[in-house]
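The structure under discussion appears below in the form of structure tokens.
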Amino acid sequence: MIGNQNRWQEDLFVACPLSSLIPDDHILKQVDKVLDLSWLRKDVSELYCESNGRPSIDPEAAVRLMLAGFFQGIVHDRKLMREAQVNIAIRWFAGYRLDQKLPDHSSLTRIRQRWGPELFKQIFQRTVKQCVQAGLVNGDTVHIDATLIRADVSWESLTEGHAKKVIAENPIEQKDDSSDVGKGERTKATKSRKISTTDPDASMTTSSHTYHMEPFYKQHTAVDDTAGVIVDVDLTTGQCSEGKQLPQQIDRIEENIGKSVKTITADSAYAYTSNYALLEQRKTEAIIPPQTERTRSRRIPIRRFKYDAKNKIVRCPCGRILRRSSRDGNGWIYRANPKDCRSCRLRHRCISKTARARTILITDNYESFLRARRRRRDCDEKFCRLYRRHRWQVEGRHSEAKTEHGLRRAVRHGLANVAIQVYLTAVVMNLKRLAAFLSPIFTLFKKVTSYLTSFGGSELQRQVNYSSEGEIPPVLRIAA
């Protein structure tokens with residue numbers, strides 16, 4: 001028998017709780033059990049006037065609306081509020097009834113401008129602490145990497161700007177043609193650099209030398225090895241070197257998780273001698289493969305020169321000694337005796353026709369770099385295993401953020417606005433893992449307490465109502 005559904009009959013009243021219309025396995029319903037924003041109102045109260053003006057949107061409701069959008073990959077406020085009009089789950093998650101008017105999309109923009117990125121960073125840090133308390137973060141091994149986020153600008157907004165002022169204030173001396181010092185730093189003609197008039201904070205860069213440059217921001221991410229929880233995230237301009245961000249990033253990681261990191265993994269972009277030395281000083285194991293040398297170099301590579309750290313000398317492939325000549329940047333320049341180079345049988349392979357002697361740069365903490373290169377060359381089993389995990393752990397988080405939560409492209413202009421987008425994305429990804437981890441515990445706890453309370457346990461009955469109070473009961477916290 002074919003059924004008949006009357007599509008034009010409207011119900012005047014709905015005699016059931018709003019939460020009963022949402023499936024128990026819905027992501028917002030699962031996250032609502034672990035999300036705690038009770039502290040937020042007190043922290044933002046100083047940004048509002050207590051005795052003047054119209055009442056603002058409830059701070060917790062505003063954050064919940066933003067998070068609900070990121071959970072579903074909706075990053076634009078206008079689209080989010082249109083979806084919230086018809087989405088019961090978003091209304092319930094943010095605390096709005098079916099007949100209650102939702103705020104205008106511009107209100108969320110003004111809230112972000114008023115609060116600033118530091119408060120959203122605080123929200124992220126609190127989710128990290130929740131994951132630590134639940135046992136999702138071990139902190140022994142942390143994977144670090146950076147990814148590019150395309151700025152929200154068009155090609156028509158790009159114009160050429162010149163760096164004459166910067167070059168005038170930072171003159172670069174001409175280097176000897178035979179030197180290994182300052183590659184890419186020799187004096188060149190002033191090259192025009194494109195900047196965006198729409199978003200000047202974005203800088204031109206590329207992820208590959210085979211691809212053209214675009215305006216990007218750069219996100220620096222640290223992921224714990226245990227459950228893939230993001231323990232630190234930061235945003236810089238696209239041209240900022242990720243290798244130079246490592247010291248500050250380690251400090252932030254240890255502050256967020258409350259313990260020292262034992263092992264750090266990163267790609268070759270972090271292979272700075274200063275980073276190797278820093279990790280050795282911290283007694284932290286470095287799983288960072290050194291950068292490979294150019295295979296088509298016309299001259300004898302620097303790896304053929306033997307560095308004697310005890311006597312502060314360098315021996316060339318022919319056994320001649322190079323001694324310290326001068327200090328340059330982050331290291332010492334070692335120069336050979338011109339008489340030795342003049343009679344050397346490898347002169348044509350070592351220096352140019354116009355050079356008198358070979359010079360090389362030995363950077364500070366070069367011994368740490370040699371130890372890292374030796375370990376990589378020996379194919380350490382632990383090194384290879386952790387580096388394989390690094391690839392799918394941290395790069396997998398970047399892929400998830402871009403494909404599922406809209407972080408492939410910035411949705412607003414300015415470093416502060418994009419940083420807020422980055423923090424909210426990291427919060428959403430951590431809350432997903434926290435909710436997935438605690439969901440079976442919540443289900444088991446409900447079944448056990450439901451069975452025990454049937455015998456009249458008043459204390460257990462009080463703890464069963466944890467979902468309405470917005471907090472995790474003590475028994476569940478111990479179990480977690």
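The values are calculated or read from the model by the stated rules, or taken from the named source; none is laboratory data. Model, not experiment: these values are computed from the prediction. All Cβ positions, glycine included, derive from the backbone under ideal geometry; neighbour counts span all protein chains shown.
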*Are any of the residues in the stretch 197-211 touching a residue at least 24 places away in the same chain (Cβ under 8 Å), touching a helix residue (DSSP H, G or I) at 6+ places or on another chain (Cβ under 7 Å), under 19 Å from V394 (Cβ atoms) and not charged (D, E, K, R)?*
no
*Kindly indicate the residue of the stretch 118-149 that is in a strand (DSSP E or B) and touching a Phe, Trp or Tyr at 6+ places or on another chain (Cβ under 6 Å) and also surrounded by the most Cβ atoms within 10 Å (Cβ to Cβ) among those meeting that condition.*
I149
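For R299, are the conditions met, namely being more than 18 Å from the chain's Cα centre (by Cα) and in a helix (DSSP H, G or I)?
Numbers: more than 18 Å from the chain's Cα centre (by Cα): yes; in a helix (DSSP H, G or I): no.
No.
Just to be sure I understand, how many residues within the stretch 377-416 are surrounded by 19 or more Cβ atoms within 10 Å (Cβ to Cβ) and either in a helix (DSSP H, G or I) or without any contact (Cβ under 8 Å) to a residue 40 or more places away in the chain (or both)? Lay out the reasoning, then the answer.
Taking the stretch 377-416 first, the residues surrounded by 19 or more Cβ atoms within 10 Å (Cβ to Cβ) are 383, 386, 390, 393-394, 397-398, 401, 405-407, 410.
Retained after the next criterion (residues that are either in a helix (DSSP H, G or I) or without any contact (Cβ under 8 Å) to a residue 40 or more places away in the chain (or both)): 383, 386, 390, 393-394, 397-398, 401.
Residues meeting the conditions: 8.
Give the residue, chosen from I111, I74, I149, I88, that is at pLDDT below 95, at negative phi and touching a strand residue (DSSP E or B) at 6+ places or on another chain (Cβ under 6 Å). So that I can check it myself, show each step before the final result.
Numbers: I111 fails: touching a strand residue (DSSP E or B) at 6+ places or on another chain (Cβ under 6 Å); I74 fails: touching a strand residue (DSSP E or B) at 6+ places or on another chain (Cβ under 6 Å); I88 fails: touching a strand residue (DSSP E or B) at 6+ places or on another chain (Cβ under 6 Å).
Testing whether each residue is at pLDDT below 95, at negative phi and touching a strand residue (DSSP E or B) at 6+ places or on another chain (Cβ under 6 Å) leaves just I149.
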*Pairs where the first residue, in the stretch 19-45, is assigned by TED's automatic domain parsing to the domain that holds I111 and the second is surrounded by 12 or more Cβ atoms within 10 Å (Cβ to Cβ) and hydroxyl-bearing (S, T, Y), C-beta under 7 Å, 6+ apart*: Q30/S439; K33/S467
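Among P55, P103, which is the only one that is assigned to a loop (DSSP other than H, G, I, E, B), crowded, with 19+ Cβ neighbours inside 10 Å and at pLDDT below 95?
On the way: P55 fails: crowded, with 19+ Cβ neighbours inside 10 Å.
Only one candidate qualifies: P103.
Residue check: is R374 in a helix (DSSP H, G or I) and either at pLDDT below 85 or among the small types (G, A, S) (or both)? Show your work before the answer.
On the way: in a helix (DSSP H, G or I): yes; either at pLDDT below 85 or among the small types (G, A, S) (or both): yes.
When the stated conditions are applied, R374 passes them.
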*Count, please, the residues in the stretch 207-260 that happen to be of a type in the set (V, I, T), within 17 Å of R433 (Cα to Cα) and more than 12 Å from the chain's Cα centre (by Cα).*
2
*Residues of the stretch 341-370 being surrounded by 13 or more Cβ atoms within 10 Å (Cβ to Cβ), touching a residue at least 24 places away in the same chain (Cβ under 8 Å) and not in a loop (DSSP other than H, G, I, E, B), which ones?*
C350, T359, I360, L361, I362, T363, Y366, E367, S368, F369, L370
*When the residues of the stretch 229-263 are filtered to those that are part of a loop (DSSP other than H, G, I, E, B), in contact (Cβ under 8 Å) with a residue 60 or more places away in the chain and in contact with a Phe, Trp or Tyr (Cβ under 9 Å, 6 or more places away or on another chain), which remaining residue is farthest from S203 (Cα to Cα)?*
E242
*Breaking point among (1) among the charged types (D, E, K, R); (2) modelled with pLDDT of 90 or more; (3) part of a loop (DSSP other than H, G, I, E, B), for K29*: (3)
*Checking V44 against (1) more than 30 Å from D234 (Cα to Cα); (2) β-branched (V, I, T); (3) touching a Pro at 6+ places or on another chain (Cβ under 9 Å), the condition it does not meet*: (1)
*Can you tell me which of A61, A94, A89, A84 is over 17 Å from Q421 (Cβ atoms), touching a residue at least 12 places away in the same chain (Cβ under 8 Å) and touching a His at 6+ places or on another chain (Cβ under 9 Å)?*
A89
*asked:* Quick check on my filter: what residues within the stretch 84-100 are of a type in the set (K, R) and assigned to a helix (DSSP H, G or I)?
replied: R91
